[in-house]
Amino acid sequence: MNAAMAVRTKQEWPEAGDLVIATIQNVTDYGAYAKLDEYDKQGLLHVSEISSSWIRNIRDFVREGQKVVLKVLHVNVEKGHIDLSLRRVTKREKIEKMMAWKKERKGETLLRDVAEKVGLSPEQVYEKAGAAIEKEYGLYEGFERAVKEGTEVLTAIGIPEELAGAFATVAQERIHIPMVKVKGIVEVSCMKPNGVKVIKEAFLNAKKTEKPRNVKLRFYVVAAPKYRIEVLADNYKHGEDVFQKVAETIVSNVTHEGGQGSFRREK
């Protein structure tokens, strides 16, 4: 068990119905013994629970050292027995559980990086900040939000400023958030003597007013009166929302000064 995990208050035993990450340790004629990575326990995967189809060779389905997602069928704490199933785990459950487990491990690695940066033990960092972040967002998800929203997302739940800063710094160094591009055309014109200035200030003010977090905003002249807006965001919905607000603000600012305008989203 790693340092970060050691300070967590996890259940000592899984419950029936739980999905668990396990490592196959020993394959026999009647099934396989698997170590439950999240609980440091061993369980039995009986041959009848390996596959719904006929099994000629168990090792065609599981092998020593393999990492698998299993479903807990029965738990007998007194005897120390845990019965497991592979065939009852759906493809979707397998993918979602494995992804969640990988994120948890990444979160623990990042927490250790924070501990090294601030000169504390992983246990101390978890107690002072990690536990609250995990409860509020999920540990790895907390790091992701620190990349997207800055230290405020952590200080808002009571994380000390210095630790919040260290979390955000480590997150920015180690996590890459994929960006998507949303673009569109704004057509604005103003026939007044100061029309060029009105349009220029409309774009500048829109950029300042919106101040989109974790978003890159770019303006290009296509050919007056057409201007292209490009929004780089972490997801399409966020990008489209920012584009809509920025474009509306530009058009509103220009029309307020006696000009006219419209905008459209590009595919």
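The values are calculated or read from the model by the stated rules, or taken from the named source; none is laboratory data. A quick note: this is a predicted structure, and the numbers were derived from the prediction, not measured. Glycine also receives a Cβ, built like all others from the backbone with ideal geometry; neighbour counts cover every protein chain displayed.
Here the condition is being of a type in the set (A, V, I, L, M, F, W, C), out of contact with any strand residue (DSSP E or B) (no Cβ under 9 Å at 6 or more places or on another chain) and outside the structural domain of V170 (by TED's automatic domain parsing); of V77, V125, it holds for V77 alone. Does V62 satisfy being at pLDDT 95 or above and either under 27 Å from the mean Cα position of the chain (by Cα) or of a type outside the set (A, V, I, L, M) (or both)? When the stated conditions are applied, V62 does not pass them.
Scanning segment 129-143 for residues that are charged (D, E, K, R) and surrounded by fewer than 16 Cβ atoms within 10 Å (Cβ to Cβ) gives K135, E141.
For segment 245-266, taking the residues that are closer than 17 Å to V222 by Cβ and among the charged types (D, E, K, R), the one that is farthest from the chain's Cα centre (by Cα) is identified as R264. When the residues of segment 215-246 are filtered to those that are of a type outside the set (F, W, Y) and over 26 Å from V147 (Cβ atoms), the one that is modelled with the lowest pLDDT is A224.
Number of residues in segment 66-103 that are small (G, A, S) and either in a strand (DSSP E or B) or in contact with a Ser or Thr (Cβ under 8 Å, 6 or more places away or on another chain) (or both): the value is 1. For segment 133-149, taking the residues that are basic (K, R) and within 21 Å of H238 (Cα to Cα), the one that is farthest from the chain's Cα centre (by Cα) is identified as K148. Considering segment 116-130, and only residues there that are without any contact (Cβ under 8 Å) to a residue 40 or more places away in the chain and in a helix (DSSP H, G or I), the residue that is nearest to the chain's Cα centre (by Cα) turns out to be A129. Taking the conditions exactly as written (touching a Lys or Arg at 6+ places or on another chain (Cβ under 7 Å) and assigned by TED's automatic domain parsing to the domain that holds T169), does L139 satisfy them or not? So L139 fails the test. Restricting L217, L163 to those that are outside the structural domain of R112 (by TED's automatic domain parsing) and either more than 30 Å from P122 (Cα to Cα) or touching a residue at least 12 places away in the same chain (Cβ under 8 Å) (or both) reduces the list to L217. Does segment 96-116 contain at least one residue that is exposed (fewer than 15 other Cβ atoms within 10 Å of the Cβ) and over 21 Å from I21 (Cβ atoms)? There is at least one residue in segment 96-116 that is exposed (fewer than 15 other Cβ atoms within 10 Å of the Cβ) and over 21 Å from I21 (Cβ atoms).
Each row is one residue, and each column tells you yes or no for (1) farther than 27 Å from K192 by Cα; (2) in contact with a helix residue (DSSP H, G or I) (Cβ under 8 Å, 6 or more places away or on another chain).
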| site | (1), (2) |
| --- | --- |
| A224 | no, no |
| R228 | no, no |
| H238 | yes, no |
| V242 | yes, yes |
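Has segment 75-95 got any residue that is within 29 Å of H176 (Cβ to Cβ), surrounded by 13 or more Cβ atoms within 10 Å (Cβ to Cβ), of a type outside the set (K, R) and touching a residue at least 60 places away in the same chain (Cβ under 8 Å)? Yes, the conditions are met somewhere in segment 75-95. Of the listed requirements (1) basic (K, R); (2) assigned to a helix (DSSP H, G or I); (3) touching a helix residue (DSSP H, G or I) at 6+ places or on another chain (Cβ under 9 Å), K181 misses just one: (2). Taken over segment 26-54, the criterion of being exposed (fewer than 14 other Cβ atoms within 10 Å of the Cβ), under 28 Å from E104 (Cα atoms) and modelled with pLDDT of 95 or more is satisfied by N26 alone.
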